[in-house]
Amino acid sequence: MENKYDVVIIGSGPAGLTAAIYGERAELKTVVIEKNNMSGGQVVNTYEVDNYPGLPGINGFDMAMKFREHAEKLGANFVVDEVKKIEEAENGKKVICETIIIASGATHRKLDVPGELEFSGRGVSYCATCDGAFFRNKEVVVVGGGDVAVEDAIFLARLCKKVYLVHRRDELRAAKSLQARLFQMENVEFIWNSRVKEIAGEHAVNKVVIEHIDTKEEQNLEVSGIFIAVGIIPNTENFKGVADMDNQGYFIAGEDTKTSTKGIFVAGDVRTKQLRQIVTAVSDGANAITSIEHYLTEEAVK
């Protein structure tokens, strides 16, 4: 059976769920399509969220469930399925919609080493600004050599007793201005030409095993946490060609979430932006619905 919707939201992380809430409040017929059995996106795997206004220390799973419950209470429809492709067609559409919000999120690039998955949220983090405060006055490791890794190391150096920066090369790739700031910090130690071999601990991380690439010599770092900043991959593979993307696969869109394609909007980690956090994803979801309301009004008077 075909269904007619004002807006189809692809993904039910904070951006998609907020769009569903705002869509229902705007009396737009809304459906959310989520490929996983659980809503929330990356936040589900976050042990504790301490930087979302008004909800300090909330468990990531609980936050996701609150967002989902709010959307459902307002009447949003949810479908568990994966959108493989978006295209215009005269026949064969199971869902017919006026507008689409792509809020499929992103995935942090993993090291794929023993202990990484086991200690995720218990010492393994992919977001220094999200979790750094939990490691105040402790020793931590940052992995990576790009802008994000260096920014994370600078941020953590202001909070932590000591920061080890582990990089597989003998020089950083980050902007020179960032490097200059980092090199001035006395509590940062650089471990060059090295990779993480193992992350270990009991109930939480207490050791990171480093392998020096040239010598194969191993070094044990007794730390409380490890921040992995080796890249993020937007979940946009199924949507190539739908609208303009940058060379990293992010949709090119501003705060209004409009893409280069009429009727398609993007929210959250899939769009070009300076900061990717829960609070900015929520903002995108609200902005997307506002843009859609304007779009539908304009289309109606044509």
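The values are calculated or read from the model by the stated rules, or taken from the named source; none is laboratory data. Quantities reported herein were computed from a predicted structural model and do not represent experimental measurements. No Cβ is skipped: glycine too gets one built from the backbone with ideal geometry, and neighbour counts run over all protein chains shown. With ligands, DNA and RNA removed, areas are computed over all heavy atoms of the protein, side chains included. Shrake-Rupley method; radii C 1.70, N 1.55, O 1.52, S 1.80 Å.
For the chain, find the longest principal axis of its Cα atoms and tell me its angle to the long axis of helix 147-157, 0 to 90°, nearest 10.
Roughly 60 degrees between the two axes.
Can you give me the relative contact order of region 170-231 as a percent, contacts being Cα pairs under 8 Å and 6 or more apart?
Values: 69 pairs, mean separation 13.5, N = 62.
Relative contact order of region 170-231: 22 percent.
Taking the full set of protein chains and a 1.4 angstrom probe, give the accessible area of Met38 in square angstrom, rounded to the nearest 10.
90
With 28 Å as the limit, write out which pairs from Lys176/Lys207; Lys85/Lys273; Lys35/Lys207; Lys197/Lys273 have Cα-Cα distances beyond it, or answer none. Before the final figure, lay out each step's value.
Numbers: Lys176/Lys207 31 Å; Lys85/Lys273 24 Å; Lys35/Lys207 35 Å; Lys197/Lys273 32 Å.
Table pairs above 28 Å Cα-Cα are Lys176/Lys207; Lys35/Lys207; Lys197/Lys273.
Counting only protein chains, not ligands or nucleic acids, how are His167, His70, His294, His212 ordered by accessible area (probe 1.4 Å), most first? If you can, show how the numbers build up before the last one.
Numbers: His167 5, His70 90, His294 110, His212 45 Å².
Largest to smallest exposure gives the sequence His294, His70, His212, His167.
Please report the spacing between the Cα centers of region 200-230 and region 108-136 in Å, no decimals.
Answer, in whole Å: 12.
Taking just the C-alpha trace of the chain, give me its Rg and Dmax in Å.
21.2, 70
Cα gyration tensor of region 226-298, axes a ≥ b ≥ c as square roots of the eigenvalues: rounded (a/c below 1.5), prolate (a/b > b/c) or oblate?
Oblate shape, in that a/c is at least 1.5 and b/c is the bigger or equal ratio.
Per DSSP H run of at least 4 residues, take -39500 (n - 2.57); add these up for the chain, divide by its residues and hand me the 222 nm value, nearest 500 deg cm²/dmol.
Values: 6 runs with 73 residues, N = 302.
The per-residue figure over the chain is -7500 deg cm²/dmol.
Any chance you could give the angle, 0 to 90 degrees and rounded to 10, that helix 14-25 forms with the longest Cα principal axis of the chain?
Relative to the chain, helix 14-25 is tipped by roughly 30 degrees.
Among the chymotrypsin sites (Phe, Trp or Tyr not before Pro) within region 1-68, which fall in a DSSP loop and have no more than 13 other Cβ atoms within 10 Å of their own Cβ?
Passing both the DSSP loop test and the Cβ count: no residue.
Return the whole-Å distance between the Cα centroid of region 4-65 and the Cα centroid of region 234-277.
So the two Cα centres are separated by 18 Å.
So for the chain, averaging the separation of alpha carbon pairs under 8 Å that are six or more residues apart and normalising by length, what relative contact order in percent results?
Once divided by the residue count of the chain, the mean separation gives 21 percent.
What net charge is computed for the residues neighbouring Ala128, neighbours being all others with C-beta under 11 Å from the C-beta of Ala128, Lys and Arg scored +1, Asp and Glu -1?
Values: positive: Arg158; negative: Asp131, Glu151, Asp152.
Value of the local net charge: -2.
Hey, got the Cα dimensions of region 1-119 along the principal axes, in Å, largest first?
Principal-axis extents of the Cα atoms in region 1-119, largest first: 50, 34, 18 Å.
Taking each pair of distinct Cα atoms in region 170-226 once, what is the resulting Kirkwood hydrodynamic radius in Å? Present the calculation step by step, with values, prior to reporting the outcome.
Working: mean 1/r = 0.0770 Å⁻¹.
Averaging 1/r across every pair of different Cα atoms and inverting gives 13.0 Å.
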